[in-house]
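In what follows, a structure is listed as structure tokens, so that the remarks can point back to it.
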Amino acid sequence: MSTTVTTARGPVRGERRADGSLRFLGIPYARPPVGDLRFAAPVPPEPWSEPLDATVYGPTAQRRPFAEITTIPEPSVPGAAVLNLNVFTPDTDPAAALPVLVWIHGGGYVAGSAASPWYDGAAFNRDGVVLVSVGYRLGIEGFLHLEDAPDNRGVRDWIAALEWVRDNIAVFGGDPAKVTVAGQSAGGGAVQTLLAVPTARGLFRGALSVSGAVPRPDGPETARAASRLLTSRTGVPATAAALRDLGDDEILALQDRLAEPGPDREGLPPLLALAPFADGELIPLPTLDALTTGEAGADVPLMLGFTEHEFTMFPAPGPEGPSLPVLLGGLGLDPVRAEALIEAYGEDGPERIFGQALTDATFRAPNLAVADARAARERPTWLYEFTWRSPLSGLAFHCLDLPFAFDLLDAEGVTAVAGDAPPRELADALHQAWVAFVTEQDPGPGWPRYTAGKRATMIWDAEPRIASDPVGRVRALWLD
């Protein structure tokens with residue numbers, strides 16, 4: 001059964017679901033980024049008068065999956081109008097003023113899709129929360145520094161989507177003053193980036209960063225180095241004028257060339273070369289610097305954490321590749337610390353040591369640094385580690401926590417990564433902590449704040465528990 005809501009730009013026709021909730025898919029929050037708008041800041045959509053069909057997912061910026069084998073089912077939907085979002089809301093009085101969760105998908109800033117069945121908002125709606133999932137420009141179109149275009153276009157898309165929520169969510173039963181922004185992996189990095197963006201201040205009251213990935217280094221010189229590398233490898237100038245008329249396949253081919261290893265990549269991060277960066281204007285300071293040494297996000301409650309084995313499934317190259325100490329040096333460890341890490345993770349076997357180091361360098365150490373810095377300044381912070389191990393891999397790997405948090409254990413693709421009987425009790429507990437945080441800006445009395453004294457950390461396992469500084473080894477290896 002259809003249902004129609006009138007937004008500030010025009011009416012949208014969604015559907016009433018069997019569980020009584022409503023969903024509105026593919027609502028444009030900006031004009032299609034094509035032609036002169038392809039590398040421009042997002043522009044509000046033209047108004048419309050007839051109801052817009054919002055019963056199917058809109059186009060995605062993703063034109064191909066992140067890899068041949070992915071954890072999350074993330075459909076690629078063709079079309080140009082990729083700056084759209086989805087609203088899942090309880091069928092309730094529009095004046096209900098419910099809390100709102102705005103979800104930013106992951107995918108390394110070059111892939112990912114808001115149309116994933118893992119991001120369905122049904123369970124949040126059941127528990128009185130409106131969920132909005134957001135699409136945004138990716139890769140070259142979203143994040144490559146171009147001399148003749150605004151920087152951080154993907155970040156500008158996130159801000160435009162949050163402004164749409166501010167201006168429109170009330171007609172869907174949400175309260176624009178009760179918005180929590182959340183995301184996983186690159187989406188978790190997006191959350192941390194938005195905390196460092198002055199113009200995003202006031203668009204959300206809480207932040208939830210799941211396995212947040214923030215590139216390092218991420219200053220203007222790094223961004224310019226990526227642009228120069230693209231041109232030196234392909235001969236294509238890093239300008240909007242040169243790129244504007246290229247097709248999707250041509251853009252993806254350029255991204256592939258930029259991602260290839262080589263000595264000319266010196267100065268670029270080993271991962272996430274196309275990602276948000278401090279441009280001195282929209283993002284004044286590198287995100288981690290802003291969060292650990294500055295005032296960014298000081299008054300915003302933050303829940304953040306990681307899985308135990310984010311990237312541990314990625315082993316080091318074989319005998320023909322660089323040695324393990326050389327690889328660890330590339331992640332920023334001096335020889336003494338590299339040897340200490342090899343000894344610390346020796347029980348995992350040599351084939352997994354590099355993957356665990358990559359996990360620490362990309363996720364655990366940076367997020368721990370943010371939590372420690374906020375705790376030292378007594379800012380409201382909650383830290384977690386997801387340690388439940390899939391019976392199929394024996395690992396608590398990247399993305400495994402999402403169907404638990406969204407309470408979607410029956411969703412497509414979950415049994416393929418979590419087995420036939422993932423613990424329902426864990427999903428109940430983790431999901432309810434998210435609901436409590438979005439609703440009350442506190443995950444509940446059973447989860448104390450992370451403080452400099454106790455470093456209380458929620459361990460999400462078959463039997464969740466609080467531990468004091470369970471990842472202290474990570475701090476000793478990477479931060480002290």
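The values are calculated or read from the model by the stated rules, or taken from the named source; none is laboratory data. These numbers were taken from a predicted model, which means no experiment stands behind them. Glycine gets a Cβ as well: all are built from the backbone with ideal geometry, and neighbour counts include every protein chain shown.
Consider residue 108 against the criteria (1) buried (at least 18 other Cβ atoms within 10 Å of the Cβ); (2) on the phi > 0 side of the Ramachandran plot; (3) free of Cβ contacts under 8 Å to residues at least 60 places away in the same chain: it satisfies all of them except one. Which criterion is unmet?
Among (1) buried (at least 18 other Cβ atoms within 10 Å of the Cβ); (2) on the phi > 0 side of the Ramachandran plot; (3) free of Cβ contacts under 8 Å to residues at least 60 places away in the same chain, residue 108 violates only (3).
Being in a helix (DSSP H, G or I), touching a Gly at 6+ places or on another chain (Cβ under 7 Å) and either of a type in the set (A, V, I, L, M, F, W, C) or touching a residue at least 12 places away in the same chain (Cβ under 8 Å) (or both): is that true of residue 191 here?
It is true that residue 191 is in a helix (DSSP H, G or I), touching a Gly at 6+ places or on another chain (Cβ under 7 Å) and either of a type in the set (A, V, I, L, M, F, W, C) or touching a residue at least 12 places away in the same chain (Cβ under 8 Å) (or both).
Can you tell me which condition residue 154 does not meet? The list is (1) farther than 18 Å from residue 66 by Cβ; (2) in contact (Cβ under 8 Å) with a residue 60 or more places away in the chain, and all the others hold.
Status for residue 154: all satisfied but (1).
Of the numbered conditions (1) closer than 26 Å to residue 356 by Cβ; (2) not in a strand (DSSP E or B), residue 458 fails exactly one; give the number of that condition.
Here residue 458 clears every test but (2).
What is the number of the single condition among (1) crowded, with 21+ Cβ neighbours inside 10 Å; (2) in contact with a helix residue (DSSP H, G or I) (Cβ under 7 Å, 6 or more places away or on another chain); (3) assigned to a helix (DSSP H, G or I) that residue 208 does not meet?
Of (1) crowded, with 21+ Cβ neighbours inside 10 Å; (2) in contact with a helix residue (DSSP H, G or I) (Cβ under 7 Å, 6 or more places away or on another chain); (3) assigned to a helix (DSSP H, G or I), only one is false for residue 208: (3).
Only one of 118, 103 is hydrophobic (A, V, I, L, M, F, W, C), under 23 Å from residue 412 (Cβ atoms) and within 12 Å of the chain's Cα centre (by Cα); which?
Exactly one of 118, 103 is hydrophobic (A, V, I, L, M, F, W, C), under 23 Å from residue 412 (Cβ atoms) and within 12 Å of the chain's Cα centre (by Cα), namely 103.
Specify which of the listed residues (70, 89, 55) is under 30 Å from residue 437 (Cα atoms) and free of Cβ contacts under 8 Å to residues at least 12 places away in the same chain.
Residue meeting the stated conditions: 70.
Could you tell me how many of the residues in the range 113-129 are touching a Pro at 6+ places or on another chain (Cβ under 9 Å), more than 14 Å from residue 21 (Cβ to Cβ) and of a type outside the set (S, T, N, Q)?
Within the range 113-129, residues that are touching a Pro at 6+ places or on another chain (Cβ under 9 Å), more than 14 Å from residue 21 (Cβ to Cβ) and of a type outside the set (S, T, N, Q) number 3.
Looking at the structure I just gave you, is residue 218 in a loop (DSSP other than H, G, I, E, B), touching a helix residue (DSSP H, G or I) at 6+ places or on another chain (Cβ under 7 Å) and more than 29 Å from residue 459 (Cβ to Cβ)?
Taking the combined requirement at face value, the residue satisfies it.
Within the range 132-150, track down each residue that is in a loop (DSSP other than H, G, I, E, B) and either under 13 Å from residue 59 (Cβ atoms) or under 13 Å from the mean Cα position of the chain (by Cα) (or both).
135, 136, 137, 138
Which residues, taken from the range 80-105, are in contact with a strand residue (DSSP E or B) (Cβ under 9 Å, 6 or more places away or on another chain), surrounded by fewer than 24 Cβ atoms within 10 Å (Cβ to Cβ) and assigned to a loop (DSSP other than H, G, I, E, B)?
Result: 81, 91, 92, 97.
Answer with yes or no whether residue 183 is surrounded by 24 or more Cβ atoms within 10 Å (Cβ to Cβ), touching a residue at least 40 places away in the same chain (Cβ under 8 Å) and in a helix (DSSP H, G or I).
no
I'd like the full set of residues that are β-branched (Val, Ile, Thr) and either closer than 24 Å to residue 5 by Cβ or in contact with a Lys or Arg (Cβ under 8 Å, 6 or more places away or on another chain) (or both), limited to the range 170-202.
Once the filter is applied, which keeps residues that are β-branched (Val, Ile, Thr) and either closer than 24 Å to residue 5 by Cβ or in contact with a Lys or Arg (Cβ under 8 Å, 6 or more places away or on another chain) (or both), the range 170-202 yields 171, 179, 180, 181.
If you go through the range 114-131 one residue at a time, how many are hydrophobic (A, V, I, L, M, F, W, C), in a loop (DSSP other than H, G, I, E, B) and in contact with a helix residue (DSSP H, G or I) (Cβ under 7 Å, 6 or more places away or on another chain)?
Final tally of qualifying residues: 1.
For the range 33-77, give me each residue that is touching a Lys or Arg at 6+ places or on another chain (Cβ under 8 Å) and exposed (fewer than 12 other Cβ atoms within 10 Å of the Cβ).
35, 36, 46, 47, listed by residue number.
Quick check on the range 256-270. Is at least one of its residues assigned to a helix (DSSP H, G or I) and under 25 Å from residue 103 (Cβ atoms)?
No, every residue in the range 256-270 fails to be assigned to a helix (DSSP H, G or I) and under 25 Å from residue 103 (Cβ atoms).
Just checking, how many residues over the range 214-228 are within 26 Å of the chain's Cα centre (by Cα) and either without any contact (Cβ under 8 Å) to a residue 12 or more places away in the chain or over 28 Å from residue 367 (Cβ atoms) (or both)?
Residues flagged as within 26 Å of the chain's Cα centre (by Cα) and either without any contact (Cβ under 8 Å) to a residue 12 or more places away in the chain or over 28 Å from residue 367 (Cβ atoms) (or both) within the range 214-228 amount to 1.
Checking residue 74 against (1) farther than 26 Å from residue 272 by Cα; (2) acidic (Asp, Glu); (3) touching a Gly at 6+ places or on another chain (Cβ under 7 Å), only one condition comes out false. Which one?
Evaluating residue 74 over (1) farther than 26 Å from residue 272 by Cα; (2) acidic (Asp, Glu); (3) touching a Gly at 6+ places or on another chain (Cβ under 7 Å) leaves (1) as the failure.
Condition (residue is at pLDDT 95 or above, of a type in the set (Asp, Glu), in contact with a Phe, Trp or Tyr (Cβ under 8 Å, 6 or more places away or on another chain) and crowded, with 23+ Cβ neighbours inside 10 Å) applied to the range 156-166: is it met by at least one residue?
yes
Does the range 4-32 hold any residues that are crowded, with 18+ Cβ neighbours inside 10 Å and in a loop (DSSP other than H, G, I, E, B), and which are they?
7, 9, 29, 30
Looking at the structure I just gave you, is residue 415 within 22 Å of residue 122 (Cβ to Cβ), hydroxyl-bearing (Ser, Thr, Tyr) and in contact (Cβ under 8 Å) with a residue 12 or more places away in the chain?
Taking the combined requirement at face value, the residue does not satisfy it.
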